[in-house]
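Coordinate-derived values only; no laboratory data. Treat the numbers as computed from the prediction; the structure is a model and nothing was measured. Virtual Cβ from ideal backbone geometry, glycine too; neighbours counted across all protein chains shown.
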Amino acid sequence: MEALRLIEASRHALARSQEPSHIVAEVWQSQALAQAIGSRLAIAGPPELRGEALGLSEVGGRGCGVIGATPGLGTEGIRAARLTGIGQAREVLRGLDELLGEVGIALVGVAMGADDEGVYWQCMEGIDAADESRDRVLEMLRRLAVREQSLPEPDSAAGSP
């Protein structure tokens, strides 16, 4: 499944989640997706994105770790495992930026209602991981913009006067 479709599926699932445990499970899914997208871009993305993409993959993995294992999800239940392609990097990164912003907001909501101090701090660490992931995504978007600005105009490449 293409990255944009998985991002949209994650956004919808997060928006539909009401219970804190379901929200946390969707946060885990989103971080796993960020990790998978980062890995794909690090391997086969534009060269100027590869370092940040590797960092995104690492932070996404850390984000999954701070949220903890999601019980009951087999390989079929992990959306990121269905990633088949990235498509247009810019559009995927924009979508991932939106998703990670929503993840941070959802975790704030869970943290505010947490009765358990451990859950509260788990959410705080998850928020940090989502923010760091967003920072990586925004840096990749910036690098894509710089690359586009440095490309010659189509008319000037043809040698028109």
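Dipole of the chain computed with +1 at Lys/Arg Cβ and -1 at Asp/Glu Cβ about the Cα centre; of Q122, A44, L99, farthest Cα towards the positive end is A44. Pairwise Cα separations in the chain fall into 10 Å bins from 0 onward with the following percentages, short to long: 11, 40, 29, 12, 5, 2, 1, 0.
Could you rank the peptides 30-39, 79-88 by their average count of other C-beta atoms within 10 Å per residue, with the highest value first?
Numbers: 30-39: 25.8, 79-88: 15.6.
Ranking the peptides 30-39, 79-88 by packing returns 30-39, 79-88.
Full extension of the segment from M124 to R94, taken as 0.36 nm per residue of separation minus the current Cα-Cα distance, would add 8.4 nm. Applying the Karplus relation 6.51 cos²θ - 1.76 cosθ + 1.60 with θ = phi - 60° to region 114-121 yields 3J(HN,Hα) values of 6, 8, 9, 4, x, 5, 4, 5 Hz, where x marks Gly and Pro.
The value of relative contact order for the chain, using C-alpha pairs under 8 Å at least six residues apart, is 29 percent.
Each of the peptides 109-122, 15-28 was scored by the mean count of other Cβ atoms within 10 Å over its residues; in descending order, highest first, they stand as 15-28, 109-122.
Couplings for region 87-100, taken from phi via the Karplus curve 6.51 cos²θ - 1.76 cosθ + 1.60 with θ = phi - 60°, read x, 6, 4, 4, 5, 5, 5, 5, x, 5, 4, 4, 4, 5 Hz in order; Gly and Pro are left as x.
Each stretch of four or more DSSP H residues adds -39500 (n - 2.57); spread over every residue of the chain, this sum gives -25500 deg cm²/dmol at 222 nm. 3J(HN,Hα) along region 32-48, derived from phi through the Karplus expression 6.51 cos²θ - 1.76 cosθ + 1.60 where θ = phi - 60°, amounts to 5, 5, 4, 4, 5, 5, x, 4, 4, 5, 5, 8, 10, x, x, x, 6 Hz, with x in place of Gly and Pro. A simple charge model with +1 on the Cβ of Lys and Arg, -1 on the Cβ of Asp and Glu and nothing else charged puts the dipole of region 2-88 at about 80 debye relative to its Cα centre.
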